[in-house]
1. May I ask you to list the residues in segment 392-408 that are farther than 16 Å from ASN51 by Cβ and assigned to a loop (DSSP other than H, G, I, E, B)?
2. Considering only segment 19-38, state which residues are farther than 17 Å from ILE8 by Cα and hydrophobic (A, V, I, L, M, F, W, C).
3. Go through (1) outside the structural domain of TYR441 (by TED's automatic domain parsing); (2) in contact (Cβ under 8 Å) with a residue 24 or more places away in the chain; (3) in a strand (DSSP E or B) one by one and return the number of the condition ILE246 breaks.
4. Return the residues of segment 16-71 that are buried (at least 18 other Cβ atoms within 10 Å of the Cβ), of a type in the set (Val, Ile, Thr) and not in a strand (DSSP E or B); say none if nothing qualifies.
5. Kindly provide the set of residues from segment 291-307 that are over 16 Å from the mean Cα position of the chain (by Cα) and more than 17 Å from PHE279 (Cβ to Cβ), ordered by number.
6. Pairs under 8 Å by beta carbon, first residue at positive phi in segment 123-144, partner part of a loop (DSSP other than H, G, I, E, B), six or more apart or different chains?
7. Which number in (1) farther than 21 Å from VAL223 by Cα; (2) touching a Lys or Arg at 6+ places or on another chain (Cβ under 9 Å) marks the one condition that ILE194 misses?
Amino acid sequence: MAEADYAIELRDISKSFGSVAANKNINLNLKKGEILALLGENGSGKTTLMNMLSGIYTPDSGSIFIDGEEVVISSPDDAGKHGIGMVHQHFKLVERFTAADNIWIGKKDSGFFLKKNRYKEIEDIASRFGFDIEPAKKVANMSVSEKQTLEIVKVLCYGAKVIILDEPTAVLTIQETQKLFDVCRRMKESGHSIIIITHKLNEVMEISDRVAVLRKGEYVGTVETSATNEMELTELMVGRKVDLKINRSVMEKTKPLLEVRDLCVNSDEGSLAVDNMSFYIRGGEILGVAGIAGSGQKELCEAVVGLRKAKSGKIIHKGQNVIGKNPKEISALGIAMSFIPEDRLGMGLAPSLSVADNIILKDYSDTKGPLVDRKRARKEASDIVKMLDIVTPSVDTPVRRLSGGNVQKVLLGREIKSDPNVLITAYPVRGLDINSSYMIYDILNEQKQKGVGVLFIGEDLDVMIALCDKIMVMCHGKLQGVVHASKTSKEELGLMMTGAISLADVGGKKAGIAKDSAFTEEEWEEAADLGDIREGDS
């Protein structure tokens, strides 16, 4: 292929941060009018490489060619002049501004005053590619998918012909992902070239024309998507065969560790996010929570761990109702509970603190004396880095400098270190590569085998069916029912998630669970002593 047929060529690109070589002599090309998937484990250098193409970093060595001509990109401004736009995993938007104004403040020809026709101009670009966007809507009032749409429209408005999407589907529902892919195909048809950084192999197979693979900062190769499969891509990415199988161990039943009765919780806006929910988790059990994004999963988790005030109901740990108590008060009762929130850097970790400091953040106040034991902190951090194979220059590196997957590993490692009896996890593998994801599944199974009760909120129904013992389905804050994972299908779960069918419609008797999930006090006491009275187990 002639050089002019390539939109982008990277030749011998290298970049190091201290002693860590993020990219080593990378050679990569992007054809005009194609969708290229960039695949690799967490910390393999994918985002670093794209950050050099978008002008955030400059290469230590190597050359960049655009349309066959060598160029120097030393700033995002340079990248924009060459028609390159990047939509980052963490959006760069002004929350108080409208969609139109977020775009307008970055336009070179916008002038000093806002123009009245800016809404119409942005609407025209959005409609050309099939985007659904409200130019006058404030970013603070947008959903995650709307913010991502705005970021893509923004780079299109700035004239980008090469668009880089960093983990674009990490926080999208299945339906939103399909809409995004439809837009990507339309952009491709209009002559745009697209690079998608992702870990989701099924999406790679669906949307890309070719797949480029990085491993530990080095370029492995590029393959035609039509000529490969998920197993082969996994082996290229990891460097060895990976057993893509989740083993669900069967544990002896124990008494419920956590009981939730008639729980009602409000959202931030004041509406009812969790509506009269009742369920329990046994020790040695993984209870999955399935639901479309925004069905009350976030509010449920936060209420259970004491981070959000419940409107009514009971949350019982070890026979004690902890409604109204904060996490510190719950811990003081001798209840060991860990929480892995979906917002890793906002709620889970302190971005500017080091890995070591984040590891001891949960229990530093228990230290005797005025000084924090940093020697212990570094030792514990080193153990977690080794156990979870976290890629970091050192345990003193701020977590904001780590890749998304490694940030998640730090958070998970800290929470498991505290030896919980109940572990609440919200999307624990979101943004992780396939090898890291299966490592997390193994860790959750290890916790289950230790007698821990695990609440697992996920988005991949295939994984939930393979990993969980039971799956609780939520729809608009209400409990649709609880089914045995081995006795259901993702099609049934999907229909329940949308409210299209109830548990009775999919055969409550077959699943062994009654439709009405509201237990009486006597039933809860019996359940604690005798077993799952509503599940009909022998």
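1. THR392, PRO393, SER394, VAL395, ASP396, THR397, listed by residue number.
2. Those that are farther than 17 Å from ILE8 by Cα and hydrophobic (A, V, I, L, M, F, W, C): VAL20, ALA21, ALA22.
3. (3)
4. Hits for segment 16-71 are THR47, THR48.
5. Within segment 291-307, GLY306, LEU307 meet the criteria.
6. none
7. Exception for ILE194: condition (1).
Residues are listed down the side, and each one gets a yes or a no for (1) modelled with pLDDT of 50 or more; (2) more than 22 Å from VAL274 (Cα to Cα):
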residue: GLY458; (1), (2): yes, no
residue: VAL463; (1), (2): yes, yes
residue: CYS475; (1), (2): yes, no
residue: MET496; (1), (2): yes, no
residue: GLU526; (1), (2): no, yes
residue: LEU530; (1), (2): no, yes
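The values are calculated or read from the model by the stated rules, or taken from the named source; none is laboratory data. As the structure is a computational prediction, the values presented were derived from the model and not from experiment. No Cβ is skipped: glycine too gets one built from the backbone with ideal geometry, and neighbour counts run over all protein chains shown.
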